[in-house]
Amino acid sequence: LTVRCIAADSPTFEAATIRPAPELEFGMGHRIARFSGGPGTQDPGRIRYVNVSFRELLMFGWNLRERQIAGPSWIDSKSFNVEAKLPPGTKKEDVPPMLRRLVTERFALKSHEEKRVVRGYALTVIKGGPRLAIGGKSEFNTPNNHDGFPTGSIPAGHFQSIHFPGHARLAGLNVSIDQFATALAGELQKIGRAHV
């Protein structure tokens, strides 16, 4: 796994659990990752990652893109549920180092760095400038569209990623262009194309 080490004095959650998510039986559904809680949401003292892969935990904790992580196949095939209690006054930028420490300690994570040549994508602005709306501050529910993806609640500053065979939906609220580009690049690697 290509990740960076943590400092011995890095911040920690007050309490946290990591449990394997229930495995789906063949042909009985699709993995839907959900994220809720944390600073800036209606539940600032607790954060939850539901049905996330180990690769996603590394991406959230170390601010890495999907292509920057190499490891065994289980980092994508195994899913986990994480629930953590945050210390009072925790800010949004405090959460990643807390997650880094939790993952490193619970999984006895060892890593090294190496250089690789990989393909990438460029997100460019079309002629006439961007046509983006300013994000909201509160949670909202994504509508059921004609493609049949289910509805889900999304807190401000977060994405919801839902995967079906051959395609996916990515929805976000009040996210930056950098966050959007990172999330979109990950989806493009999974499904090979995207409609924005």
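Throughout, read-outs are computed from the coordinates displayed, never taken from laboratory work. Computed from a prediction, not measured in an experiment: that's the story for all the values here. All Cβ positions, even for glycine, are placed from backbone atoms using ideal geometry, and neighbour counts span all protein chains on display.
At 0.36 nm per residue, minus the direct Cα-Cα distance, what do E114 and T17 gain on full extension? Give it in nm, one decimal, please.
Numbers: separation 97, 0.36 × 97 = 34.92 nm, distance 3.09 nm.
Net length gain for the segment: 31.8 nm.
How far, in nm, would the chain grow between S73 and R46 when pulled straight, counting 0.36 nm per residue and subtracting the alpha carbon separation?
Details: separation 27, 0.36 × 27 = 9.72 nm, distance 3.00 nm.
Net length gain for the segment: 6.7 nm.
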Most to least packed among 119-128, 172-181 [average Cβ atoms within 10 Å]: 172-181, 119-128
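What do you get for Rg/Rh of segment 38-109 when both radii come from the Cα atoms and Rh is the Kirkwood radius?
Details: Rg = 12.6 Å, Rh = 12.9 Å.
A ratio of 0.98.
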